[in-house]
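The structure under discussion appears below in the form of structure tokens.
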Amino acid sequence: MRAVTEREIRASFINCTKGEAKRLAVPRDLATRPWDDLDFLGWQDPGAPERAYLVVESGEGFTAVALRRATPGAGQLRRSMCALCLTTHTGGGVSLMTARKAGREGQLGNSVGSYLCTDLACSLYLRGRKQAGPGGRPPESLTLAEQVDRTMTNLARFLAKVTG
Ligand SMILES: [Zn+2]
């Protein structure tokens, strides 16, 4: 993806207030992120790990979404699969993330949830730049480009639920 600036990130949130978008934690190392290997940018708030965010290019600009990670329970010790990149993790590597819906629906308290890589590093797992442990990424017949397409289709579907 194209490198995104802090200003662009803060201006791109679709499911939080302007005040929240101004205050939330944006990574300080944007200049050194591996943009060529990122299909979207995801990060956790280092001061509040239950808060996570992701930014994806959309048309001319970017779309950013604020997520809440469900408190890990005993069930998290099981293996579970990321709904975006289909990487399997154990021990909390996948978390239930919920996004408040955009607009009026969100004001009414409605949200949508999905199981995602806790570190939101799906792009790096797809490329083998990050390892998910034994069996995390079983061999696939799809090319990397096809796996990226599939991931982005899954992400677009999730974002459509947030906006819809
Ligand atoms: Zn993932």
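The values are calculated or read from the model by the stated rules, or taken from the named source; none is laboratory data. Remember, it's a predicted structure, so these values are computed and weren't measured experimentally. Every residue, glycine as well, gets a Cβ built from its backbone with ideal geometry; the counts of neighbours run over all protein chains shown. Remember, those area values only see protein heavy atoms, side chains included, never the ligands or the DNA or RNA. Shrake-Rupley method; radii C 1.70, N 1.55, O 1.52, S 1.80 Å.
Any residue in segment 79-93 that is part of a strand (DSSP E or B), without any contact (Cβ under 8 Å) to a residue 60 or more places away in the chain and touching a Gly at 6+ places or on another chain (Cβ under 7 Å)? Yes: one or more hits.
In segment 45-59, how many residues are assigned to a strand (DSSP E or B) and either of a type in the set (Lys, Arg) or over 24 Å from residue 147 (Cα atoms) (or both)? Full working, then the answer.
Keep residues of segment 45-59 that are assigned to a strand (DSSP E or B), which gives 45, 48-58.
Within this subset, residues satisfying the condition of being either of a type in the set (Lys, Arg) or over 24 Å from residue 147 (Cα atoms) (or both) are 45, 48-51.
Qualifying residue count for the region: 5.
Of the residues that sit in segment 118-144 and are in contact with a Leu (Cβ under 7 Å, 6 or more places away or on another chain) and among the hydrophobic types (A, V, I, L, M, F, W, C), which one is farthest from residue 66 (Cα to Cα)? Top of the filtered list is 144.
Quick one: would you say residue 67 is within 15 Å of the ligand (Cβ to nearest atom), part of a strand (DSSP E or B) and at negative phi? For residue 67, the condition - within 15 Å of the ligand (Cβ to nearest atom), part of a strand (DSSP E or B) and at negative phi - is met. Screening residue 39 on (1) more than 24 Å from residue 112 (Cβ to Cβ); (2) part of a loop (DSSP other than H, G, I, E, B); (3) of a type in the set (D, E, K, R) shows it passes everything except condition (1). Taking (1) surrounded by fewer than 16 Cβ atoms within 10 Å (Cβ to Cβ); (2) within 25 Å of residue 26 (Cα to Cα) in turn, residue 119 satisfies each apart from (1). Of the residues making up segment 119-132, just one is at pLDDT below 95 and either of a type in the set (S, T, N, Q) or outside any loop (DSSP other than H, G, I, E, B) (or both), namely 131. Contact map, segment 98-113: first residue more than 21 Å from residue 84 (Cα to Cα) and of a type outside the set (Asp, Glu), second residue open to solvent by 50 Å² or more (accessible area, probe 1.4 Å) and in a strand (DSSP E or B), Cβ cut-off under 6 Å, separation 6 or more or different chains; pairs are 106/100.
Residues that are aliphatic (A, V, I, L, M) and not in a loop (DSSP other than H, G, I, E, B) within segment 94-118 comprise 94, 96, 97, 99, 112, 116, listed in sequence order. Using the structure shown, decide if residue 105 is more than 15 Å from the chain's Cα centre (by Cα) and within 16 Å of the ligand (Cβ to nearest atom). The answer is no for residue 105.
I'm trying to understand the selection: among the residues of segment 1-25, which are among the small types (Gly, Ala, Ser), assigned to a helix (DSSP H, G or I) and surrounded by 17 or more Cβ atoms within 10 Å (Cβ to Cβ)? Within segment 1-25, just 21 meets the criteria. Could you say whether any residue in segment 151-160 is over 14 Å from residue 56 (Cβ atoms) and either within 18 Å of the chain's Cα centre (by Cα) or open to solvent by less than 20 Å² (accessible area, probe 1.4 Å) (or both)? No, segment 151-160 contains no residue that is over 14 Å from residue 56 (Cβ atoms) and either within 18 Å of the chain's Cα centre (by Cα) or open to solvent by less than 20 Å² (accessible area, probe 1.4 Å) (or both).
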